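Notes for the one structure printed next.
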Amino acid sequence: MSKQSDHPHALSRRDFLAQGSALAVGAAVGAPLLIQNQTYAGPALSPDPTVVRIRSEGITNEGQIDRRVLKEMVEHSLRTLTGTETMVAAWMSVLKPDDVVGLKFNQSASRELGITIEMAEILASSLVEAGFDRSKLSLLEVPEAVYEETGTTKPHLGWSKEEASFGSGRDQLSIWLDQVSAVINVPFLKSHNIAGLTACLKNISHSMVKHPARFHENHCCPYIADIVALPKIRSKLRLHIVNAIKMVYAGGPEAREGHVWNANTLLLSRDPVAADTISLEELNNVRIAHGLEPIQAKNGLIKYLAQAAERGLGRAELHNVPLVKIVI
């Protein structure tokens, strides 16, 4: 069992740095697990806010990703999140058997962070092992080699003929949304020079519109929340896997030298707002450990989290987000 701090989300500089040499197995005592649910019943209007955080110091070996450990992290955390005992049951609790599954990655800084290929191949393999046909898996923003390795379907690229209105603006939407019936969102965890943070919500919002540059003023508010709230997007979001094996803790969204931290962490949730709320806490812990100011809700930097919560996309209050902590 790993040692936990008194506050469920707090991490002192000493604890954070000491954690780098720790190697333990277990989940936080008292952290709630979801009730087992092996039958997909459609997207919840208010998704369960539980976030599973899993860490492993063994994920990297001489700078290389250990795929065996990464696979264990993905599968252990997903079974925990869904309260199931098998991966078939876990995937079927978030997906339907006839779903065309879209996996949305993030190509920005992917070369520098260097873990997209491993993550994509492990997720695709896990879904195939659970019974999903390779032809019904579509991976967006991955290297070309991934399609050859996994045998998955290439995404449809392009934009809708008509614009969609999302209240604060209008734009054409990605036709990829018409190709898939369910989306697994796999963002990186990075600071962002405009929004403050980029993880689940922004990885979806600004990639699904043709002219994302139009929607960055006022720290991307209220655009992030408004775009994700579109029924065509929101109704397809099933699972969010924040890839924080390596995070960009400063100078993001690009991965600049000296600003990448091996966090060795994945965050899983059905709730993108809750996942981003915990992601912000994780990011700030690293910033503090490096002598930087935390990214705070000043000057509207992370106002989009509160706006997303107001639109019913999830829960943004840190103290109300159930967090399950696992270290392997």
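Taken as a whole, segment 252-261 holds at least one residue that is surrounded by fewer than 24 Cβ atoms within 10 Å (Cβ to Cβ), within 28 Å of residue 117 (Cβ to Cβ), in contact (Cβ under 8 Å) with a residue 12 or more places away in the chain and in contact with a Ser or Thr (Cβ under 6 Å, 6 or more places away or on another chain).
Total residues in segment 88-120 satisfying the condition of being in contact with an Asp or Glu (Cβ under 8 Å, 6 or more places away or on another chain) and buried (at least 23 other Cβ atoms within 10 Å of the Cβ): the figure is 4. Looking at (1) over 19 Å from the mean Cα position of the chain (by Cα); (2) crowded, with 20+ Cβ neighbours inside 10 Å, which is the one condition that is false for residue 64? Of everything listed in (1) over 19 Å from the mean Cα position of the chain (by Cα); (2) crowded, with 20+ Cβ neighbours inside 10 Å, residue 64 misses just condition (2).
Residues in segment 124-162 that are aliphatic (A, V, I, L, M), within 30 Å of residue 84 (Cα to Cα) and not in a helix (DSSP H, G or I): 130, 137, 139, 140, 142. I'd like the full set of residues that are surrounded by fewer than 22 Cβ atoms within 10 Å (Cβ to Cβ) and in contact with a Gly (Cβ under 7 Å, 6 or more places away or on another chain), limited to segment 264-301. Of everything in segment 264-301, those that are surrounded by fewer than 22 Cβ atoms within 10 Å (Cβ to Cβ) and in contact with a Gly (Cβ under 7 Å, 6 or more places away or on another chain) turn out to be 295, 301.
When residue 143 is tested against (1) more than 23 Å from residue 89 (Cβ to Cβ); (2) loosely packed, with under 13 Cβ neighbours inside 10 Å, only condition (2) is not met.
What helices (runs of 4 or more DSSP H), lying completely within segment 163-248, carry at least 3 residues that are at pLDDT 95 or above? Lay out the reasoning, then the answer.
On the way: elements: 176-179, 200-205, 217-220, 223-228, 231-234.
Helices (runs of 4 or more DSSP H) meeting the threshold: 176-179, 200-205, 223-228, 231-234.
All conditions in (1) of a type outside the set (S, T, N, Q); (2) touching a Gly at 6+ places or on another chain (Cβ under 8 Å); (3) crowded, with 24+ Cβ neighbours inside 10 Å hold for residue 182, with the sole exception of (3).
Among the residues of segment 45-70, those identified as assigned to a loop (DSSP other than H, G, I, E, B) and either hydroxyl-bearing (Ser, Thr, Tyr) or modelled with pLDDT under 50 (or both) are 46, 50, 56. Pairs linking a residue in segment 86-97 that is in contact (Cβ under 8 Å) with a residue 40 or more places away in the chain to a residue that is of a type in the set (Lys, Arg) and part of a loop (DSSP other than H, G, I, E, B), with Cβ atoms under 8 Å and 6 or more positions apart or on different chains, are 94/270. For segment 188-197, the set of residues classified as out of contact with any Ser or Thr (no Cβ under 7 Å at 6 or more places or on another chain) and either farther than 16 Å from residue 295 by Cβ or in contact (Cβ under 8 Å) with a residue 60 or more places away in the chain (or both) consists of 188, 191, 193, 195, 196, listed by residue number.
Looking at segment 107-123 only, could you name the residues that are of a type in the set (A, V, I, L, M, F, W, C) and not in a helix (DSSP H, G or I)? Answer for segment 107-123, where residues must be of a type in the set (A, V, I, L, M, F, W, C) and not in a helix (DSSP H, G or I): 109, 115.
When the criteria are applied in full, residue 242 meets the requirement of being crowded, with 20+ Cβ neighbours inside 10 Å, among the hydrophobic types (A, V, I, L, M, F, W, C) and under 30 Å from residue 179 (Cβ atoms).
Can you name every residue in segment 71-85 that is touching a Leu at 6+ places or on another chain (Cβ under 9 Å) and outside any helix (DSSP H, G or I)? If you could, list the steps in order and put the result at the bottom.
Here is the first cut: in segment 71-85, the ones touching a Leu at 6+ places or on another chain (Cβ under 9 Å) are 73-74, 77-78, 80-84.
Listed by number, the residues that qualify are 83, 84.
Would you pick out the residues in segment 249-269 that are of a type outside the set (Gly, Ala, Ser), part of a strand (DSSP E or B) and within 26 Å of residue 314 (Cα to Cα)? Give the derivation first.
Going through segment 249-269, the residues of a type outside the set (Gly, Ala, Ser) turn out to be 249, 253-254, 256-257, 259-262, 264-268.
Still in the list and also part of a strand (DSSP E or B): 260-261, 265-268.
Within segment 249-269, 265, 266, 267, 268 meet the criteria.
Tell me, yes or no, whether segment 93-106 has at least one residue that is assigned to a helix (DSSP H, G or I), in contact with a Phe, Trp or Tyr (Cβ under 8 Å, 6 or more places away or on another chain) and at pLDDT 95 or above. First the steps, then the outcome.
Residues of segment 93-106 that are assigned to a helix (DSSP H, G or I), as a first pass: none.
Scanning segment 93-106, I find no residue that is assigned to a helix (DSSP H, G or I), in contact with a Phe, Trp or Tyr (Cβ under 8 Å, 6 or more places away or on another chain) and at pLDDT 95 or above, so the answer is no.
The values are calculated or read from the model by the stated rules, or taken from the named source; none is laboratory data. What you are looking at is a predicted structure, and each value in this text was computed from that prediction instead of being measured. Please note: Cβ atoms are built from the backbone with ideal geometry, for glycine as well, and neighbour counts cover all protein chains shown.
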